[in-house]
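See below for the structure under consideration.
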Amino acid sequence: MTHEAEPTTPNSGRMLDYWLGGQHHYPVDLAGAKVFEALLPDFPRMFRVLRDFIGRTSRYIHAQGVDQFLVLGAGVPTQGNVHEVVPGARVLYTDIDAFNIALGQRILAGVPNTGYTHCDAADPTTLDMAVAERVLGPLRRLGIIMIGVEAFIADEPLRAALQKLYDLAPPGSYLAVDCDNAALDHDPELLRMMGTDFHMRTAEQLAASLGPWQLTEEGIQPVAVWGHPGTPVDIRPYMIGGVARKP
Ligand SMILES: C[S@@+](CC[C@H](N)C(=O)[O-])C[C@H]1O[C@@H](n2cnc3c(N)ncnc32)[C@H](O)[C@@H]1O
């Protein structure tokens, strides 16, 4: 991949692209991914399971009649991401990483009804509403996909962000969420590498952060299990998640 400037630090969204077999990452991401993988060889499977969870939650929300999606902490918009699993829907991807935004805009150039812009998931008021209206059209019921990003947000900003999203979303909107949970405790060296700004949560803590959002029937489950129609992948429940609704 060629780009005038290259990032000097790895990004989890682009490491994920490598683990999912994509082509949209830089040497620094590959090097970072190799370090993580050496500690926990399950990383590629773990993130395939998470991407499939994005697929099942997006299709579930679409099946409720929602055709506009806002994706927070989106990473790289390929490999089974939202617009690929709900063709025809309007999808706005967002992230805080400038390289991911530029990559995303290149990947989506010419893909109708999609866009990629900046939004800090810890403060959704940073979303450029003019871009949102251009890509999504006038806001109707919204599917908000906030998956793979909660670990980077502390408890109080997360609670406030989910409340702001609730206020922004028209009634009948849906929110898909997840969090990393204590299964990673089995790997203390890995946790040390994640640093002090990495936030793991229990199902109860994730549910509490939802505020007025109402969890759907399936509740919060390991992401491999949620909405899975058959036999889920047999993997340690590193991540848990679910879907909630604004009545
Ligand atoms: C682990 S990746 C998840 C990518 C994708 N959502 C998925 O699950 O496949 C986390 C992404 O969140 C982004 N990110 C981290 N903190 C963020 C924040 N406060 N707001 C928006 N994006 C953020 C990172 O740049 C990265 O692209």
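Side notes on the structure shown:
- Selected residue (only one of 121, 33, 38 is small (Gly, Ala, Ser) and more than 14 Å from residue 12 (Cβ to Cβ)): 38
- Test: residue 162 is closer than 11 Å to residue 72 by Cβ, modelled with pLDDT of 95 or more and part of a strand (DSSP E or B): no
- Verdict on residue 165 being more than 14 Å from the chain's Cα centre (by Cα) and within 14 Å of the ligand (Cβ to nearest atom): yes
- Residue count for the stretch 67-93 under the criterion of being over 14 Å from residue 117 (Cβ atoms) and among the hydroxyl-bearing types (Ser, Thr, Tyr): the result is 1.
- Among the residues making up the stretch 147-159, those that are part of a helix (DSSP H, G or I) and either within 18 Å of residue 94 (Cα to Cα) or among the basic types (Lys, Arg) (or both) are 150, 151, 152, 157, 158, 159.
- Test for residue 48: is it modelled with pLDDT of 95 or more, closer than 22 Å to residue 185 by Cα and basic (Lys, Arg): yes
- Residue 26 vs. criteria in contact (Cβ under 8 Å) with a residue 40 or more places away in the chain and either within 14 Å of the ligand (Cβ to nearest atom) or not basic (Lys, Arg) (or both): yes
- The sole residue among 137, 73 that is in contact with a strand residue (DSSP E or B) (Cβ under 9 Å, 6 or more places away or on another chain) and crowded, with 20+ Cβ neighbours inside 10 Å is 73.
- Residues (aliphatic (A, V, I, L, M), within 17 Å of the chain's Cα centre (by Cα) and part of a helix (DSSP H, G or I)) located in the stretch 2-31: 15, 16
- Selection from the stretch 201-236 of residues that are closer than 18 Å to residue 49 by Cβ, in a loop (DSSP other than H, G, I, E, B) and among the aliphatic types (A, V, I, L, M): 220, 223, 224, 225, 233, 235
- When every residue of the stretch 22-42 is checked against the conditions, none turns out to be of a type in the set (Ser, Thr, Tyr) and crowded, with 23+ Cβ neighbours inside 10 Å.
- Filtered residue count, the stretch 165-200, keeping only those that are outside any helix (DSSP H, G or I), touching a strand residue (DSSP E or B) at 6+ places or on another chain (Cβ under 8 Å) and at pLDDT 95 or above: 9
- The listed residue being in contact with a Phe, Trp or Tyr (Cβ under 6 Å, 6 or more places away or on another chain) and either over 30 Å from residue 173 (Cα atoms) or aliphatic (A, V, I, L, M) (or both), out of 77, 44, 27: 44
The values are calculated or read from the model by the stated rules, or taken from the named source; none is laboratory data. Computed from a predicted structure; not experimentally measured. Every residue, glycine among them, receives a Cβ derived from its backbone with ideal geometry; neighbour counts consider all protein chains shown.
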